[in-house]
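J.: Just dropping this structure here.
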Amino acid sequence: VLQRRISESIHDGPLQDVLAARQELIELQLDDPDDERVNRALSGLQSASERLRQATFELHPAVLEEVGLGPAVEQLAGFTARRSGIKVSTDIDYPIRNPIDPIVFGVVRELLSNVVHHSRAKSASVVLG
């Protein structure tokens, strides 16, 4: 429950502020498309918004409640692969819902984080059944 509230707080607060600032810069960019300061700021805000979205997902993925653990783990694997450059394959056969799904998701999240931070792996796989 706490992770969900934190996720919602990030989504409804800082993420919206970053997106609003980015929109303001897009409008400034229309006046001077060659202003490198505006372009750098836009790039930074784009990166920040992607990281905030990823953080909200990793804290509490809405997809977990909407369609279940399998799709949530698939999405997490994709985020991890894009962020780290490690090829993350999945083999998921988990069509059920279980009260422990949020715990399992947290375990998968932590294991993938450990692979990224503590290994020199070029690939990893997640099997869930």
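The values are calculated or read from the model by the stated rules, or taken from the named source; none is laboratory data. Since the model is a prediction, treat every value here as computed from it, not as a measurement. Here Cβ is always computed from backbone atoms with ideal geometry, including for glycine, and neighbour counts include all displayed protein chains. Only protein heavy atoms, including side chains, enter the accessible area calculation; ligands, DNA and RNA are left aside. Shrake-Rupley method; radii C 1.70, N 1.55, O 1.52, S 1.80 Å.
J.: Considering region 97-109 alone, what residues qualify as being assigned to a loop (DSSP other than H, G, I, E, B) and either in contact (Cβ under 8 Å) with a residue 24 or more places away in the chain or under 16 Å from the mean Cα position of the chain (by Cα) (or both)?
T.: Correct list: ARG97, ASN98.
J.: Still on this structure, please answer the following. I need the full set of residues from region 18-37 which are over 30 Å from ALA81 (Cβ atoms) and open to solvent by 60 Å² or more (accessible area, probe 1.4 Å), in order please.
T.: Scanning region 18-37 gives GLU24, GLU27, LEU28, LEU30, ASP31, ASP32, PRO33, ASP34, GLU36, ARG37.
J.: Shifting gears a bit: Identify, by number, the condition in (1) surrounded by 16 or more Cβ atoms within 10 Å (Cβ to Cβ); (2) modelled with pLDDT of 90 or more that ARG40 doesn't meet.
T.: Every listed condition holds for ARG40 apart from (1).
J.: For residues that are part of a helix (DSSP H, G or I) and out of contact with any Lys or Arg (no Cβ under 8 Å at 6 or more places or on another chain), scanning just region 110-129, find the one that is most open to solvent (accessible area, probe 1.4 Å).
T.: Here the residue is HIS118.
J.: Within region 74-94, restricting attention to residues that are open to solvent by 80 Å² or more (accessible area, probe 1.4 Å) and assigned to a helix (DSSP H, G or I), which residue is farthest from LEU52 (Cα to Cα)?
T.: The selected residue is GLU74.
J.: Looking at region 82-93, I want the residues that are closer than 13 Å to LEU112 by Cα and have a partner that is part of a loop (DSSP other than H, G, I, E, B) with Cβ atoms under 6 Å, at least 6 apart or on another chain. Which pairs are those?
T.: ILE86/ALA121
J.: For ARG83, are the conditions met, namely being under 24 Å from SER125 (Cβ atoms) and of a type in the set (Lys, Arg)?
T.: yes
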